[in-house]
Amino acid sequence: MSGPGPVVALAGGVGGAKLAVGLAEALPPGALTVIVNTADDLSLHGLHISPDLDTVMYNLAGLSDPEQGWGIAGDTTGALELLGRYGGPTWFRLGDRDMATHIRRTQRLSEGGRLTEVTAELCASLNISSRVLPMTDAPVATRVQTPEGELEFQDYFVARGTRPRVTGVRFQGAEAAEAAPEALAAIREAETIVFCPSNPIVSLGPILAIREISDLLENATAPRLAVSPIIGGAALRGPAAEMLQGLGHEVSALGVARIMRKYLDGFVLDDQDADLLPSLKSLGVAGRAAPTVMTDLTTKKALAEKVLDFARSLR
Ligand code: GDP
Ligand code: CA
């Protein structure tokens, strides 16, 4: 039996990283490339912070905090506390060890490295055998429209705790942004494409807003599958459900499949949503039900294996 060949996964942060870890476990070393959202990136304390890249990276390196899914396990916050005493912003939580990542990234970018190259260096140092690629080296910034006005993404997400109602979303810079050549090459070479269970609006949305990436994914001949981040009409965490509703989409796995329809050959939804399989079929997307809640390495790998098996059946 032949293997799945090169696999490309598209991911945001916490939800995406979980399946990325499962895929890395299930695949031979080096077979996985994860293309990651960078529209959440921000600059604070003079540092370039890439929250989704870091979440994916720390998870693949086995460094991640297992409870919250982001940040480094057992990290302390002494640097941030002192920055606060100096009058710096403390609303965005940064751990002490985590800070080293942002310092190094910022330094290497200032020396002229592209984000793709700098990310590869960080991953190599952390002994990550999968490839982690930003969707673009160009700046793209998610802006969230709310009744309180248009907000920067992290202002909405962290500072305001996703409380404002979302009436619109845009990805500033996405139209002009060129995809990183490494990301485009990875998609062209992929024999399986997996959309991780990330927020479809603000995690996968920005990646798909990069024209060259969207074109390749739309026309790819490799089987393209997604895992639903919505289970039983709700998100496991984060504002995906409220965002879908605010933007007029059905808040269900089916609603997510509808949004992503043109990129999909197969869609994995949770066992508890198995009643949606016939509607998925009417949409022209092959469906499969599986246990999709990932709580530990075993459940991450098991779901990844299900997804790869499903892909094989679609090839
Ligand atoms: P963020 O950038 O950190 O917000 O993370 P993502 O966009 O990658 O993931 C957020 C989404 O992941 C939410 O909509 C969650 O419902 C979903 N999610 C988190 N954990 C799981 C899981 O174990 N299984 C599934 N199917 N979805 C999950
Ligand atoms: Ca994110």
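The values are calculated or read from the model by the stated rules, or taken from the named source; none is laboratory data. As the structure is a prediction and not an experimental result, all values here were calculated from the model. Positions of Cβ are backbone-derived with ideal geometry, glycine not excepted, and every protein chain shown enters the neighbour counts.
Odds and ends about this structure:
- Residues (free of Cβ contacts under 8 Å to residues at least 60 places away in the same chain, over 28 Å from LEU204 (Cβ atoms) and surrounded by fewer than 17 Cβ atoms within 10 Å (Cβ to Cβ)) located in the stretch 46-78: GLY74, THR76, GLY78
- When restricted to residues that are closer than 14 Å to TYR58 by Cβ and either acidic (Asp, Glu) or modelled with pLDDT under 95 (or both), the stretch 102-125 contains 0.
- Scope the stretch 232-265; condition surrounded by 19 or more Cβ atoms within 10 Å (Cβ to Cβ) and at positive phi; matching residues: GLY238
- Across the stretch 266-299, the qualifying residues are those that are surrounded by fewer than 18 Cβ atoms within 10 Å (Cβ to Cβ) and of a type in the set (Val, Ile, Thr), and the one among them that is farthest from GLY16 (Cα to Cα) is THR298.
- Hey, LEU247 within 16 Å of ligand 2 (Cβ to nearest atom) and closer than 22 Å to TYR156 by Cα or not: no
- Residue count for the stretch 153-204, restricted to those that are farther than 18 Å from ASN37 by Cα and free of Cβ contacts under 8 Å to residues at least 60 places away in the same chain: 5.
- Filtered residue count, the stretch 44-87, keeping only those that are within 16 Å of ligand 2 (Cβ to nearest atom) and outside any helix (DSSP H, G or I): 10
- In the set ALA159, ALA141, only one residue is at pLDDT 95 or above and out of contact with any Cys (no Cβ under 6 Å at 6 or more places or on another chain); that residue is ALA141.
- Every residue from the stretch 1-37 that is in contact with a Ser or Thr (Cβ under 6 Å, 6 or more places away or on another chain), of a type outside the set (A, V, I, L, M, F, W, C) and within 16 Å of ligand 1 (Cβ to nearest atom): GLY12, GLY13, GLY15, GLY16, ASN37
So that you can scan it fast, the table gives a plain yes or no per residue for (1) touching a residue at least 40 places away in the same chain (Cβ under 8 Å); (2) out of contact with any Pro (no Cβ under 6 Å at 6 or more places or on another chain); (3) in a helix (DSSP H, G or I); (4) assigned by TED's automatic domain parsing to the domain that holds TYR156:
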residue: THR90; (1), (2), (3), (4): no, yes, no, no
residue: LEU94; (1), (2), (3), (4): yes, yes, no, no
residue: ASP98; (1), (2), (3), (4): yes, yes, yes, no
residue: ILE103; (1), (2), (3), (4): yes, yes, yes, no
residue: GLU117; (1), (2), (3), (4): no, yes, yes, no
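- Being farther than 16 Å from GLU218 by Cα and either without any contact (Cβ under 8 Å) to a residue 40 or more places away in the chain or touching a strand residue (DSSP E or B) at 6+ places or on another chain (Cβ under 9 Å) (or both) holds for only one residue in GLY238, GLY248, GLY266, GLY284, and it is GLY248.
- Selection from the stretch 1-42 of residues that are crowded, with 24+ Cβ neighbours inside 10 Å and on the phi > 0 side of the Ramachandran plot: none
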